[in-house]
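The values are calculated or read from the model by the stated rules, or taken from the named source; none is laboratory data. Quick caveat, the model's predicted, so the values are computed rather than measured. Cβ placement follows ideal geometry from the backbone for every residue including glycine, while neighbour counts extend to all protein chains displayed. What goes into the accessible areas is simple: the full protein's heavy atoms, side chains included, and nothing from ligands, DNA or RNA. Shrake-Rupley method; radii C 1.70, N 1.55, O 1.52, S 1.80 Å.
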Amino acid sequence: MSVLPNAGNNESSVTAPKMFGDPDLDRMAMEYVGNMQRYRENIIIPKSNGPVKIKTNEEKFIETAVESCGFKCTMACVMGYGLGAALGLFSASVNPNMADPFANEKKQTAREVFREMRSTTHSYAKNFALIGCVFSAVECTIESHRGVTDWKNGTYAGGITGGLIGLRAGVKAGIIGGLGFAAFSTAIDYYMHSR
């Protein structure tokens, strides 16, 4: 009596061994090693529009890097700094903080005007970069935790970011800031996805 499975089968149903002389050992070896078929050639990819292309490992690596939280936070910080600098420059150029030309006060020089414009531009840029970085980090964390990409991520992230920004002025300002930023984030997300 044999302890191997299918030992009682007659020898005519067993095919010729491929790896070992014993058919039972050969069958076990083929089960563990594999059946020598290439599944990659049998993949069927449904076509939608245009040709179908399987991504290479390099493309997958770049896509993973671009979709990472660190890259998103860095890009939001850089783009926020640029947008803040542009708005700060515009705000400094229309700022009525100039001295009255008809008064007998000391007149501002071009150096003082440019120094003030630089400080205003830098202040706006830092604030926008901080807001972009915090919002992006919170949204990416919420998205990673929930495992879903939808409008709720931006709303929650806007609420938390607005609350953190407003909390510097007090609890009431934090609640109002959170609600306002959440509503703004929801409106922007709805507009971007409805186009």
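Please go through the stretch 130-179 and give me each residue that is assigned to a helix (DSSP H, G or I) and among the β-branched types (Val, Ile, Thr), ordered by number.
Those that are assigned to a helix (DSSP H, G or I) and among the β-branched types (Val, Ile, Thr): ILE131, VAL134, VAL138, THR141, ILE142, THR155, ILE160, THR161, ILE165, VAL171, ILE175, ILE176.
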Practice prompt. Just give me the residues in the stretch 73-95 being open to solvent by less than 70 Å² (accessible area, probe 1.4 Å) and assigned to a helix (DSSP H, G or I), in sequence order.
Written response: CYS73, ALA76, CYS77, GLY80, GLY82, GLY84, ALA85, ALA86, GLY88, SER91, ALA92
Worksheet item: Which one of GLY158, GLY154 is touching a residue at least 24 places away in the same chain (Cβ under 8 Å) and touching an Asp or Glu at 6+ places or on another chain (Cβ under 6 Å)?
Response: GLY154
